[in-house]
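Notes for the one structure printed next.
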Amino acid sequence: MSLPWKRCIVVGASSGIGEAIALKLGQQPGVSVALVARRQEELERVKKAIESAGATGSRAIIYPHDVLNQAEVPALFQKIAQDLGGLDLIVYASGVMPLIEPDEYNFDKDLSTVQVNVLGAVAWLNEAAQRFERSKSGCIVGISSVAGDRGRRGYPVYGASKAFFDNYLESLRNRVARFGVRVVTIKPGPVDTPMTKDLKKKPLLITADAAAEQILTAASRGKRLAYVPGTWRPIMAIVRFIPSFIFRKLNF
Amino acid sequence: MSALRLSAPEDTSAAPVSSALEPDAIPGFTALPVTTLEQVESFGMNLEAMEYVHRPSTLEGIRNVFEIARIGGRKVALRGAGRSYGDASMGRETVGLDLTRMNRILSWDPQAGVIEVEPGVLLRDLWRYCIGDGWWPPVVSGTMFVTMGGALGMNFHGKNNYRMGPVGEHVLDFDLLTAAGELLTCSREANADLFHAAIGGIGMLGCFTRIRMKMKHVESGLLSVDAYATNSIADIMQKFEERGNRADYFVGWIDCFARGKFIGRGLVHEANYLHGSDDPNPAQTLRIENQELPDTIFGILPKSILWRLMGPLSNDLGMRLVNWAKYTLSSTIGNHKTVRQSHAAFAFLLDYVPNWKFVYRPHGFIQFQSFVPQETAQDCFNSQLQACHNAKVIPYLGVFKRHRKDEFLLTHSVNGYSLALDIPITARNSERLAKLTKELTQIVLAANGRFYMAKDSVLDQASARTYLGADTIATFTELKRRCDPQNILQTDMANRLFAGFETS
């Protein structure tokens, strides 16, 4: 795999899909990756993994940051761009899906879901879009989810947060496409990561590594939307067309 | 972040620097307003950088920009009109100090021919100001759209380098605002070391804020131009020694597509000033309107669209045809045809087709220009042309000039000749091109040749050290320490060639 980006930010790089993407990027020669996530020790681990892969001229820099701290984002974003000497790619991979029982309504869980999946994404990607508009280049990758396609019984706010993200990414795309900036919406199904470990049903489960491979390939080929794995595209096409009166009787 | 504003984007002249600072969101880091973030591009369109660009129009404004950079913990990259082919006026993630708005002409003495300008004054403004009084810039570049600050920073030369030296030789004195904030007047008498280092000093020592220079008296607005064909590098060099060295201007064009026994063939343009009664009506020919380049060709076709028409020719085959046609026509029907041309029309060949560089879109081009001593030049240039053919990367344009040595520290000049090759970058040639430029560089270094910062985008630290010499770099670094102890002035070029002067 040869990728067109040299200076990259991965938000949510300490685990799961974000980690796998950061590793893939860091294994490319001459690529600088900024690793952004909450847990310093996890970031150190990813940084070490990138360094031990030993691609010539590649480097990883860690930036401990909690995406709940959105006030910090503009300055941090600018600092990272300075440290990297520019910016070609940003991946927003932070996301949470707290376990919600079928009869549970928990505002605290909902709030943190919105904070991480929605507000954090907007804080980071607004900065990126603004910069890329000015540089007339760049690529924004948002890790959304198949869950955003329909409002299902389980995980109402998670699904809604991903629907928000889809819509937001589409808007960004429509804003910045005329400046030559690409915005890529990624919709994975279940991926084998810490986030999904308590899920009971995991249809078409793939590894984070495989997901990262597919995500970066899709983004480098200029796709605007990619289901991961691709099998989800026809499935979700059908799911989206299930009439509401049937959908509400389905147990998924 | 909402209230964070270090200065207004349009004019930093009077902006209070630190009054509107927010508490740092990140300890030790101050964000700059995104409204100033701009993309800057090299003239060759092959390199770009994002900078927080400021365009002050006064000395105070420049000081302000240095202060902004200090607070923001960033470097400052000086930029004029951005006509350097490579990264000489660009700095990634720096505060860009664009001087094009500091563009007043401060004084003009039409008796002595001495003019005093701010650094953002364009060469175009300069000659238009003086020509009516019978004065012309002693040294001009191939385009008039360069700033005088940039001209001095690069110490540019013209088609008369062998007679008149580089532009720096005609500077009487200048004021230099160092990054440390000192305003120093430099001349051959005062601060002579700085005078000889800041001219050609690629904007590393400070910012020119006032430049005083002597113009050249001309008796007519016209030149007598003679064009003739040459059939090899040896031939063009011989023609210079035989007759060219008596001419006021001498420039050669080389058909780089020609190979085998035709390698190095080209054309020469020689031009001479008119004296006395040569021009029956100098008062007319010296008027600006008789100097202006026409903005149409054949009287009707606007030149501004010309580069679009050139599009279909912008490939190896098309350019082979253009070069062949130019040589064939000029060596037959045009050979030794003497014509009269205005100074501007002869000097500013590059402005003849506006935006001509766009034919190199989308990947851009580089110019590889080497300055080689007389003794080694012939073999060196022939080897370069042969290397291009071997690599199957043919320059679309080759330009040949004569030079002499000068007294400036980082000078590119030699007692010899230069060959400038405009080489297109395409989607497919980038690897071959990188290899070729490395090879060309070695050919030049082996011939004791030198390079010119306004053109370069391919050299590395080792090559710069070889041609400039460790002593010269040490002397320059010493001056840099003195004028810019915090090492604030920085460009991508300085990083590439001198590791940003951070070590040694």
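The values are calculated or read from the model by the stated rules, or taken from the named source; none is laboratory data. In this text the structure is predicted, and so the values were computed from the model without any measurement. Note that we place each Cβ from the backbone using ideal geometry, even for glycine, and neighbour counts take in every protein chain shown.
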### Message
So, in the range B:112-147, how many residues would count as being of a type in the set (A, V, I, L, M, F, W, C) and farther than 26 Å from B:Leu397 by Cα?
### Response
11
### Task
Quick one: B:Val146 ticks every box in (1) under 22 Å from B:Ala494 (Cβ atoms); (2) in contact with a Ser or Thr (Cβ under 8 Å, 6 or more places away or on another chain) except a single one, so which number is it?
(2)
### Message
Just checking: which of the strands (runs of 3 or more DSSP E) contained wholly in the range A:1-85 hold 2 or more residues that are without any contact (Cβ under 8 Å) to a residue 40 or more places away in the chain?
### Response
A:32-37, A:59-64
## Note on the structure
Looking across the range B:14-26 at residues that are modelled with pLDDT under 55 and either within 14 Å of chain A (Cβ to nearest Cβ) or surrounded by 21 or more Cβ atoms within 10 Å (Cβ to Cβ) (or both), the single one that is nearest to B:Ile105 (Cα to Cα) is B:Ala15
#### Entry: Tally of residues being in a loop (DSSP other than H, G, I, E, B) and in contact (Cβ under 8 Å) with a residue 60 or more places away in the chain across the range A:173-209
2
### Message
Return the residues of the range B:27-57 that are part of a loop (DSSP other than H, G, I, E, B), touching a helix residue (DSSP H, G or I) at 6+ places or on another chain (Cβ under 7 Å), more than 10 Å from chain A (Cβ to nearest Cβ) and over 20 Å from B:Tyr85 (Cβ atoms); say none if nothing qualifies.
### Response
B:Pro56
### Task
Would you mind stating whether A:Gln115 is within 14 Å of chain B (Cβ to nearest Cβ), in a helix (DSSP H, G or I), of a type in the set (S, T, N, Q) and within 30 Å of B:Leu32 (Cα to Cα)?
no
### Message
Can you list the strands (runs of 3 or more DSSP E) lying wholly within the range B:137-220 that have 3 or more residues being within 21 Å of the chain's Cα centre (by Cα)?
### Response
B:171-178, B:206-214
### Message
Can you pull out every residue in the range B:254-296 that is farther than 25 Å from B:Ala420 by Cβ and assigned to a strand (DSSP E or B)?
### Response
B:Thr296
### Task
Test B:Asp278 against the stated conditions and say whether it is among the acidic types (Asp, Glu) and within 22 Å of B:Phe358 (Cα to Cα).
no
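Tell me, yes or no, whether the range B:300-309 has at least one residue that is exposed (fewer than 15 other Cβ atoms within 10 Å of the Cβ), assigned to a strand (DSSP E or B) and touching a strand residue (DSSP E or B) at 6+ places or on another chain (Cβ under 8 Å).
Yes: one or more hits.
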#### Entry: The listed residue being of a type in the set (Lys, Arg), farther than 20 Å from B:Asn155 by Cα, part of a helix (DSSP H, G or I) and in contact with a Pro (Cβ under 9 Å, 6 or more places away or on another chain), out of B:Arg128, B:Arg63
B:Arg63
### Message
With the requirement that a residue be without any contact (Cβ under 8 Å) to a residue 40 or more places away in the chain and of a type outside the set (A, V, I, L, M), what does the range A:152-172 give you?
### Response
A:Gly159, A:Asp166, A:Asn167, A:Glu170, A:Ser171
### Query
Any chance the range B:114-126 includes a residue that's out of contact with any strand residue (DSSP E or B) (no Cβ under 8 Å at 6 or more places or on another chain), without any contact (Cβ under 8 Å) to a residue 40 or more places away in the chain and surrounded by fewer than 23 Cβ atoms within 10 Å (Cβ to Cβ)?
yes
### Task
Determine if the range A:85-96 includes at least one residue that is over 24 Å from A:Ile17 (Cα atoms), within 14 Å of chain B (Cβ to nearest Cβ) and surrounded by fewer than 17 Cβ atoms within 10 Å (Cβ to Cβ).
yes
### Query
Pairs under 9 Å by beta carbon, first residue closer than 14 Å to B:Gly398 by Cβ in the range B:317-337, partner hydroxyl-bearing (Ser, Thr, Tyr) and outside any helix (DSSP H, G or I), six or more apart or different chains?
B:Met319/B:Tyr396; B:Val322/B:Tyr396; B:Asn323/B:Tyr396
### Query
Could you list, in sequence order, the residues of the range A:121-163 that are more than 14 Å from chain B (Cβ to nearest Cβ), surrounded by fewer than 21 Cβ atoms within 10 Å (Cβ to Cβ) and farther than 24 Å from A:Ala212 by Cβ?
A:Arg150, A:Gly151, A:Arg152, A:Arg153, A:Gly154, A:Pro156, A:Ala160
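Quick one: which of A:Tyr63, A:Tyr105 is aromatic (Phe, Trp, Tyr) and more than 14 Å from chain B (Cβ to nearest Cβ)?
A:Tyr105
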### Summary
Note on B:Asp406: of the conditions (1) under 20 Å from B:Glu431 (Cα atoms); (2) touching a Pro at 6+ places or on another chain (Cβ under 6 Å); (3) of a type outside the set (A, V, I, L, M, F, W, C), unmet is (1)
### Failed item in (1) in contact with a helix residue (DSSP H, G or I) (Cβ under 8 Å, 6 or more places away or on another chain); (2) closer than 30 Å to B:Val414 by Cβ; (3) among the aromatic types (Phe, Trp, Tyr), with B:Phe348 passing the rest
(1)
### Message
So, in the range B:259-275, exactly how many residues are buried (at least 22 other Cβ atoms within 10 Å of the Cβ) and either under 17 Å from B:Val372 (Cβ atoms) or over 24 Å from the mean Cα position of the chain (by Cα) (or both)?
### Response
3
### Query
Is it fair to say A:Ala34 is crowded, with 23+ Cβ neighbours inside 10 Å, within 14 Å of chain B (Cβ to nearest Cβ), in contact with a strand residue (DSSP E or B) (Cβ under 7 Å, 6 or more places away or on another chain) and among the aliphatic types (A, V, I, L, M)?
yes
